[in-house]
Amino acid sequence: MIFEDEEFTVTCQLLKHRVPAFGYRVSEKNRPGRFDVVKAQALNIPSGPIYGRLKNGEIVTLDDGRIINGQELCGPTEIGRKFVYCTDTVFCENAVELAQDADVLIHEATFAHQDAEMAFEKMHSTSTMAAQVALIAQVKLLIMTHFSPRYTPVSEITLDNLKKEARSIFPQTKLAYDFFNYEIPRRRHD
């Protein structure tokens, strides 16, 4: 772990490349569901700091002796999102470990599958290696990046070929491009 605060944790692992290269995982912590103020007021619970305790899911004893379970006044827990970025690497277990159950994995895919020998020589991934990491780690979305300039729209193999190769293993694959952005949707747990 290289960072933690009340909202996030950031971890990293050494990947497999000619020089030290790291993968990073940013995990948002789960958040309590929305506190139902109307329901609390209907129960004649006095406003103030007690609402904060109830929102955190605590069990609170009121001045009149009633015991209130804060979880009963909150909506579903908001599940923290998980984002993983794997820089220069060939397929390795540390990438799989980092990416476990991530919402989004951004993974380099410098080479096409047919150029796997070159990928191992240069210690970069193929599109199929990136897809295998995503599949084994059970991520929700793979976004590939860091493509070799050899794959142009007029070459025999194009970036679209790399996407097709990856999608044959992991269908939820996208290609990154300049100024690409993606917002990770929130999930709720009932």
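What follows is calculated from the coordinates using simple rules that are stated; it is not laboratory data. Not measured: the values here are computed from a predicted model. Cβ placement follows ideal geometry from the backbone for every residue including glycine, while neighbour counts extend to all protein chains displayed.
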Report the semi-axes of the equivalent ellipsoid for the chain in whole Å, largest first, where each axis is √(5λ) for an eigenvalue λ of the Cα gyration tensor. 46, 16, 12
Can you tell me what share of the DSSP beta bridges in the chain is antiparallel? A percent to the nearest 5 is fine. 65 percent
Can you tell me the FRET efficiency between Tyr177 and Val154 if r is taken as the Cβ-Cβ distance and R0 is 22 Å, rounded to the nearest 0.05? 0.80
FRET efficiency for Ala21 and Arg188, Cβ-Cβ distance as r, R0 = 30 Å, nearest 0.05? 0.25
Between Ser168 and Leu62, what length in nm is gained on full extension when 0.36 nm per residue of separation is reduced by their alpha carbon distance? 32.3 nm
For Asn94 and Asn44, extending 7 Å from Cα along the Cα-Cβ vector and measuring point to point gives, in nm, a value of 6.2 nm
Could you run the Karplus curve 6.51 cos²θ - 1.76 cosθ + 1.60 with θ = phi - 60° over the stretch 57-70 and give me ³J(HN,Hα) per residue in whole Hz, x for Gly and Pro? x, 6, 9, 10, 9, 7, 4, 7, x, 5, 9, 10, 8, x
About its Cα centre, how strong a charge dipole does the chain have in debye, to the nearest 20, once Lys and Arg get +1 and Asp and Glu get -1 at the Cβ? 320 debye
Cα-based radius of gyration of the stretch 37-77 once divided by 2.2 N^0.38 Å, which approximates compact folds: 1.03
Once amide H atoms are placed 1.01 Å from N in the peptide plane, what residues at a sequence separation of 5 or more from Ile106, or on another chain, have their amide H within under 5 Å of its amide H? Val84, Tyr85, Cys86, Ile143
Nothing charged except the Cβ atoms of Lys and Arg (+1) and of Asp and Glu (-1): what's the magnitude of the dipole of the stretch 37-77 about its Cα centre? Round to the nearest 20 debye. 120 debye
State which entries of Lys16/Lys174; Lys29/Lys163; Lys29/Lys122; Lys16/Lys140 exceed 28 angstrom in Cα-Cα distance in the structure shown. Lys29/Lys163; Lys29/Lys122
Helix-derived mean residue ellipticity, 222 nm - over the chain, DSSP H n ≥ 4, -39500 (n - 2.57), to 500: -7000 deg cm²/dmol
Between Leu14 and Asn69, what is 0.36 nm times their sequence separation minus the Cα-Cα distance? Round to one decimal in nm. 15.4 nm
